[in-house]
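Before I ask anything, let me first share the structure, which is written out below as structure tokens.
The values are calculated or read from the model by the stated rules, or taken from the named source; none is laboratory data. Just so we're clear, the structure is a prediction, and the values are computed from it rather than from any experiment. Note: ideal-geometry Cβ built from the backbone for every residue, glycine included; neighbour counts use all protein chains shown.
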Amino acid sequence: MRADAADRAEPASNKYLVVLIAWAIPGAGHLWLGRRQKGITFLVALTAMFATGLWLEGRIFPLGFDLSQPLVGLAAIADLGIGIPYFVAKLMGQGAGRVVAITYEYGNAFAIVAGLLNMLVVLDAWDVAEGRK
Amino acid sequence: MTSHLGLMVVFALFVSTVFASLMRDEPGDQLRFGARLFAGFVGAGIVIGWLLYPLPL
């Protein structure tokens with residue numbers, strides 16, 4: 001729902017910082033901007049969705065520029081959309097992916113979509129910071 | 001959990017939760033919109049699944 005002009009907030013002065021924080025920690029941009037309910041919802045839902053992807057033995061795709069496997073690169077970019085949880089999972093040795101697991105493809109879908117949804121959340125945080133919502 | 005239907009329901013729950021929060025501002029509106037999205041995702045998944053059932057793979 002679009003906010004009325006009178007309801008719109010003043011543009012935040014540190015919009016780029018908001019975007020960085022929103023990407024790094026799902027929901028943190030909205031929390032920073034005072035949208036507590038939305039921020040907590042994004043934090044819980046997106047983190048849980050990414051964790052579910054790992055639990056289902058999905059793979060965290062490595063960043064690289066192997067032109068012979070362009071879909072792997074795209075999947076890595078989508079995975080990276082979740083922000084810091086991507087790196088935390090890597091550091092913890094998670095996300096190796098077990099191809100023979102029956103849930104492997106499901107796990108990939110959960111992790112990839114969590115990253116893509118967080119990209120939408122970042123765009124929404126940008127709109128809020130701009131005073132458009 | 002390895003049930004395709006169960007995982008689809010969990011997936012739909014996450015996606016509809018995020019979309020409802022993104023697209024609606026009031027908690028009541030979010031709940032109603034999220035419930036409709038969730039029902040749409042699950043219903044469409046089941047219908048498309050049955051439509052694809054006769055196809056050979």
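Restricting to region A:105-133, name every residue that is over 17 Å from the mean Cα position of the chain (by Cα), within 11 Å of another protein chain (Cβ to nearest Cβ) and surrounded by fewer than 17 Cβ atoms within 10 Å (Cβ to Cβ).
Of everything in region A:105-133, just one residue is over 17 Å from the mean Cα position of the chain (by Cα), within 11 Å of another protein chain (Cβ to nearest Cβ) and surrounded by fewer than 17 Cβ atoms within 10 Å (Cβ to Cβ), namely A:GLU105.
A follow-up question, please. What do you reckon, is B:VAL18 surrounded by 12 or more Cβ atoms within 10 Å (Cβ to Cβ), closer than 19 Å to A:VAL121 by Cβ and at pLDDT 95 or above?
Numbers: surrounded by 12 or more Cβ atoms within 10 Å (Cβ to Cβ): yes; closer than 19 Å to A:VAL121 by Cβ: yes; at pLDDT 95 or above: yes.
The answer is yes for B:VAL18.
May I ask you to list pairs of residues, at least six apart or on different chains, whose Cβ atoms are under 8 Å apart, with the first in region A:95-124 being among the acidic types (Asp, Glu) and the second being part of a helix (DSSP H, G or I) and surrounded by fewer than 22 Cβ atoms within 10 Å (Cβ to Cβ)?
So the pair list comes out as A:ASP124/B:LEU22.
When you scan region A:41-49, do you find a residue that is under 30 Å from B:PRO27 (Cβ atoms) and in contact with a His (Cβ under 7 Å, 6 or more places away or on another chain), even just one? Lay out the reasoning, then the answer.
Within region A:41-49, the subset under 30 Å from B:PRO27 (Cβ atoms) is A:41-49.
The next check asks that each one be in contact with a His (Cβ under 7 Å, 6 or more places away or on another chain); those that pass are A:42.
Yes, there is a match, as at least one residue in region A:41-49 is under 30 Å from B:PRO27 (Cβ atoms) and in contact with a His (Cβ under 7 Å, 6 or more places away or on another chain).
Here is a further query. Output yes when any residue across region A:69-85 is polar (S, T, N, Q), touching a Leu at 6+ places or on another chain (Cβ under 6 Å), in a loop (DSSP other than H, G, I, E, B) and at pLDDT below 95, and no when none is. Step through it out loud before you land on a result.
From region A:69-85, those polar (S, T, N, Q) are A:69; that's our starting set.
Going one step further and asking which of them are touching a Leu at 6+ places or on another chain (Cβ under 6 Å), we end up with none.
For region A:69-85, residues polar (S, T, N, Q), touching a Leu at 6+ places or on another chain (Cβ under 6 Å), in a loop (DSSP other than H, G, I, E, B) and at pLDDT below 95: absent.
Turning to a different aspect of this structure: Restricting to region B:1-10, and then to whatever is within 13 Å of B:GLY43 (Cα to Cα) and within 10 Å of the chain's Cα centre (by Cα), can you tell me which residue is surrounded by the fewest Cβ atoms within 10 Å (Cβ to Cβ)?
Here the answer is B:VAL9.
Could you list, in sequence order, the residues of region A:40-51 that are farther than 12 Å from A:GLN94 by Cβ and facing chain B (nearest Cβ under 10 Å)? First the steps, then the outcome.
Here is the first cut: in region A:40-51, the residues farther than 12 Å from A:GLN94 by Cβ are A:40-49.
Result: A:ILE40, A:THR41, A:PHE42, A:VAL44, A:ALA45, A:LEU46, A:ALA48, A:MET49.
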